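Here the structure is laid out as structure tokens; the discussion comes afterwards.
The values are calculated or read from the model by the stated rules, or taken from the named source; none is laboratory data. Model, not experiment: these values are computed from the prediction. Virtual Cβ from ideal backbone geometry, glycine too; neighbours counted across all protein chains shown. In case anyone asks, the SASA skips ligands and DNA or RNA and just uses the protein heavy atoms, side chains included. Shrake-Rupley method; radii C 1.70, N 1.55, O 1.52, S 1.80 Å.
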Amino acid sequence: AADLPHVDDSDPTAKALGYVEDASKTTDPKHKAGDACANCQFYSGGPTGYGPCALFPGKAVNAKGWCVSHSPKAK
Ligand code: SF4
């Protein structure tokens, strides 16, 4: 998984979902403080660096990233 190409902001899916590499940089009103890929149920990577997201098959998202499909991990 460490070798997956990173999603970048110009990726069509990234644009559609408002993905950003750094959750603190989004201006999307749907973003709630503290939400990031690392605590999203679609993310299966570690707490830092990059990891897979179910919505971006074959790519890796930033643990600190965020998109409009963020859904908190079940505790
Ligand atoms: Fe990050 Fe979750 Fe969006 Fe995937 S669905 S990019 S893990 S916020």
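What number comes out for accessible area per residue over the chain if the probe is 1.4 Å? Units Å², please.
On the way: 4540 Å² over 75 residues.
That works out to 60 Å² per residue.
Treat each spin label as a single point 7 Å out from the Cα along the C-beta direction, and report the Thr48 to Thr13 distance in nm. Taking the simple label geometry, Thr48 and Thr13 are separated by 2.7 nm.
A 1.4 Å probe, protein heavy atoms only, puts the accessible area of Lys25 near 140 Å². Cross-linked pairs Lys25/Lys75; Lys15/Lys59; Lys32/Lys59; Lys15/Lys75; Lys30/Lys75: Cα-Cα separations exceed 19 Å for Lys25/Lys75; Lys32/Lys59; Lys15/Lys75; Lys30/Lys75.
The amide H of Ala60, built 1.01 Å from its N in the peptide plane, has His6, Val7 as neighbours under 5 Å, considering only residues 5 or more places off or on other chains.
GNM, the chain, Cα, under 10 Å: largest mean-square fluctuation among Ala60, Ala33, Ala14? It is Ala33.
Tell me whether the chain comes out rounded, prolate or oblate; compute the Cα gyration tensor, take square roots of the eigenvalues as a ≥ b ≥ c, and use a/c under 1.5 as the rounded threshold. Show your work: numbers first, answer last.
Numbers: a/c = 1.61, a/b = 1.13, b/c = 1.43.
Because a/c hits 1.5 or more and a/b fails to exceed b/c, the chain counts as oblate.
Phi angles across region 17-27 convert, under the Karplus curve 6.51 cos²θ - 1.76 cosθ + 1.60 with θ = phi - 60°, into 3J(HN,Hα) values of 9, x, 5, 10, 5, 10, 4, 6, 9, 6, 10 Hz, Gly and Pro given as x.
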